[in-house]
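The values are calculated or read from the model by the stated rules, or taken from the named source; none is laboratory data. Since this is a predicted model, take the numbers as computed values, not measurements. Note: ideal-geometry Cβ built from the backbone for every residue, glycine included; neighbour counts use all protein chains shown. The area values use the complete protein model at the heavy-atom level, side chains included, leaving out ligands, DNA and RNA. Shrake-Rupley method; radii C 1.70, N 1.55, O 1.52, S 1.80 Å.
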Amino acid sequence: MTKTDLKKHQLLALWAASCAERVLPVFEKNNADDSPRKAIEAARAWVRGELKISEARKFAFAAHAAARNADSAEATAAARAAGHAAATA
């Protein structure tokens, strides 16, 4: 991957994290699981070079598990958005 490609990839991860963060309150309103929030943080940590891709994937999987247990379709979608942000790494 070239430096330019990496920068674009990092920009996409930050954008995905920002989008997911905007809808995260929908999940957190009635769901106590903090996996989606941690997934968003993981995406940003990957961009900063603080997290390996394999570690970011673990956070993505956890957010998707939280989505399966969410209390509504909207909460499920919000948790999945967070999972996809981490998976962007």
Exercise. Report the percentage of all Cα-Cα pairs in the stretch 31-75 whose separation exceeds 13 Å, rounded to a whole percent.
Key: 50
Quiz item: How much of the accessible area of the chain, probe 1.4 Å, is carbon plus sulfur, in whole percent?
Solution: 56
Quiz item: Considering only DSSP states other than H, G, I, E and B, which GluC sites (Glu not before Pro) in the stretch 6-77 qualify as loop sites with at most 16 other Cβ atoms within 10 Å?
Solution: Glu50
Quiz item: What's the local net charge at Lys58, with K and R +1, D and E -1, over the other residues with C-beta under 12 Å away?
Solution: +2
Quiz item: Which length gain, in nm to one decimal place, applies between Lys29 and Leu14 when the Cα-Cα distance is subtracted from 0.36 nm times their residue separation?
Solution: 3.1 nm
Practice problem: Provide, as a two-decimal number, the C-alpha radius of gyration of the chain over 2.2 N^0.38 Å, N being how many residues it has. | Solution: 1.03
Quiz item: Going by alpha carbons, how many degrees (0 to 90, nearest 10) lie between the helix axis of 73-87 and the longest principal axis of the chain?
Solution: 20
Exercise. Please get the size of the charge dipole for the chain, origin at its Cα centre, with Cβ charges of +1 on Lys and Arg and -1 on Asp and Glu, quoted in debye to the nearest 20.
Key: 380
Quiz item: Under 15 Å from the 7 Å Cα→Cβ point of Glu74, by amide nitrogen: which residues of the stretch 31-62?
Solution: 31
Quiz item: What net charge do the residues around Val23 carry, taking every other residue with its C-beta under 13 Å from that of Val23, with Lys and Arg at +1 and Asp and Glu at -1?
Solution: +1
